[in-house]
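S.K.: Mind having a look at this structure? Questions to follow.
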């Protein structure tokens, strides 16, 4: 029964997301949304795409801040692929992470210092460190967003639930960091879990190199200044995503301060994190933007347009990235044949 539920859960969540998306769209009206989107124009949309690419490159730099042994181009490309998979493919965030892991170690990935090939266990360690530093930056970003919410009418409907969520998230991250530091048995279980969700050859390689996995994690955490740098750059990246929301609002003709945009984006990303199992956060993202927009006096058609612009630029960037990645994988397979 549990196994069956596990298989159909993504379909159930996707269906709920589609229903919520359609409900919000029909209630707002398709014509008002199209009229609002037309205000952006081609030039405005291109500007948003370029800005998103800059933020994505900054995410690669944040990853490099936490991991010194892998090249910046490799980490940046892997981050693009990870985000593209999560945004464009019918996977949860976990699926995007696994594809990003594959991109980190595929081909001729090597250490910057020794030149030795990068193994799967080291790639997983690098991804875990990046995810940890990103969540650390996200916690600070959401706290800033909550501070920006103070004084807004009816803001308490978001402040208290999100504050409670931040407490739980902080406890969870603290436990995750402790596990990376202290609990070898738990790390082995994580490695075994990941091994079950990738191909047999890669899974066997991972389980046979668990000690290397632990060593790679220990080496990363022995440089706390780099961990702090990675978390700080991730915070800047989160603020960059708020700047994209602010720019979108300006292009759509809405009057909104940057502090309000930080509040909107921070609470939205907190809500989306809670709904990470929904593929592409379909419906969750739209509902969050509409709810936060109403708090700041932004019409529902503008809020939905912000979400659609976000999805649009993710697709325009993500599809070419995935195609280039598949072309690269195909070339690697032909060379190894």
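Derivation of every value follows stated rules applied to the coordinates shown; laboratory data play no part. As the structure is a prediction and not an experimental result, all values here were calculated from the model. So basically every Cβ, Gly included, is an ideal-geometry build from the backbone, and we count neighbours across all protein chains shown.
S.K.: From the square roots a ≥ b ≥ c of the eigenvalues of the alpha-carbon gyration tensor of region 111-180, which class results: rounded (a/c under 1.5), prolate (a/b over b/c), or oblate?
M.R.: prolate
S.K.: Give me 69, 130, 156 sorted ascending by neighbouring Cβ count inside 10 Å, so fewest comes first. Write out the running numbers ahead of the final one.
M.R.: Values: 69 17, 130 28, 156 12.
With the sparsest Cβ surroundings first, the list reads 156, 69, 130.
S.K.: Average the reciprocal distances over every distinct pair of alpha-carbons in region 217-273, invert the result, and give the Kirkwood radius in Å.
M.R.: Hydrodynamic radius (Kirkwood, Cα only) of region 217-273 equals 12.9 Å.
S.K.: Please arrange 176, 330 by counting, for each residue, the other beta carbons lying within 10 Å of its beta carbon, fewest first.
M.R.: Working: 176 16, 330 10.
Least to most surrounded, the residues fall as 330, 176.
S.K.: In square nanometres, what is one fourth of the surface area of the convex hull spanned by the alpha carbons of region 239-337?
M.R.: 7.6
S.K.: Take the alpha-carbon centre of region 252-266, take the same for region 32-63, and report the distance between them in whole Å.
M.R.: 15
S.K.: Separate question: I need 157, 313, 74, 226 ordered by Cβ neighbour count within 10 Å, fewest first.
M.R.: 157, 226, 313, 74
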